[in-house]
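What follows is one structure encoded as structure tokens, with my remarks underneath.
The values are calculated or read from the model by the stated rules, or taken from the named source; none is laboratory data. Predicted, not measured: the structure shown is a model, and the values here were computed from it. Please note: Cβ atoms are built from the backbone with ideal geometry, for glycine as well, and neighbour counts cover all protein chains shown. Side chains are part of the model used for accessible areas, which takes the heavy atoms of the whole protein and leaves out ligands, DNA and RNA. Shrake-Rupley method; radii C 1.70, N 1.55, O 1.52, S 1.80 Å.
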Amino acid sequence: MNVQLSSCTVKDTEALYAFEIDNRLFFEQSIPSRGDAYYLPETFKERHAALLQEQQDGSSFFYLIKDEAGTILGRINLVDRNQIEKTAQLGYRIGQVHAGKGIAKEAVRLLLGQCREYDIDEVEAKTTDANIASQKILTHNGFKRVDKKEEVAFNGQRIQLMHYSWRR
């Protein structure tokens, strides 16, 4: 499958909303819920517009992961960009029917290729200790595990977050 990154725009709002609705339960198995309000059409539009403003400001970069036909397979982002330290945080999610097909691994590779253009020298990422697939995606793309411990509450349980770092 040919994986492509497409910068998010206002034209993507409806398709992205459908993607999020379709995958809500799947995503909420491994990441905290965005809450019921996020999935109300007006709230989603407002939040999407706010993200697009962050993108326009250069503090974050939001991409859709698409196939050749333009179908949304997932999302990938660089957020919390620090222009002085030249760092950003990586986040991604792949839709349930597309998980396990190497799409995230390729999307991360493509996004890291954009870092020079954005003047980003270091990208940080987090994943849960149970998310072996995400750990493999990160290490395959040159991320190194950082010796930093973080525990968070998720679905009524305490889980460990693993930190990773990539340098250009």
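Could you tell me whether any residue of the range 84-97 is open to solvent by 60 Å² or more (accessible area, probe 1.4 Å), outside any strand (DSSP E or B) and at pLDDT below 95? No, because not a single residue in the range 84-97 is open to solvent by 60 Å² or more (accessible area, probe 1.4 Å), outside any strand (DSSP E or B) and at pLDDT below 95. For the range 18-48, a residue qualifies if it is of a type in the set (A, V, I, L, M, F, W, C) and not in a helix (DSSP H, G or I), and the qualifying residues are Ile31, Leu40.
Being modelled with pLDDT of 95 or more, part of a helix (DSSP H, G or I), farther than 18 Å from Ser59 by Cα and open to solvent by 50 Å² or more (accessible area, probe 1.4 Å) is a description that does not apply to Val108. Can you find, within the range 111-136, the residue that is farthest from Ile84 (Cα to Cα) among those that are in contact (Cβ under 8 Å) with a residue 40 or more places away in the chain and not in a loop (DSSP other than H, G, I, E, B)? My answer is Thr128.
Of everything listed in (1) modelled with pLDDT under 95; (2) under 23 Å from Phe19 (Cβ atoms); (3) open to solvent by 70 Å² or more (accessible area, probe 1.4 Å), the single unmet condition for Thr127 is (3).
For Leu51, indicate whether it is part of a helix (DSSP H, G or I), closer than 29 Å to Gln160 by Cβ, of a type outside the set (Lys, Arg) and without any contact (Cβ under 8 Å) to a residue 12 or more places away in the chain. So Leu51 does not fit the description; no. Scan the range 27-48 for residues that are surrounded by 15 or more Cβ atoms within 10 Å (Cβ to Cβ) and touching a residue at least 40 places away in the same chain (Cβ under 8 Å) and the total you get is 3. Val146 meets each of the listed conditions (1) out of contact with any His (no Cβ under 6 Å at 6 or more places or on another chain); (2) open to solvent by 50 Å² or more (accessible area, probe 1.4 Å) apart from (1).
Hey, can you tell me all the residues within the range 151-168 that are open to solvent by less than 50 Å² (accessible area, probe 1.4 Å) and touching a residue at least 12 places away in the same chain (Cβ under 8 Å)? Passing the criteria: Phe154, Ile159, Leu161, Met162, His163, Tyr164, Ser165, Trp166.
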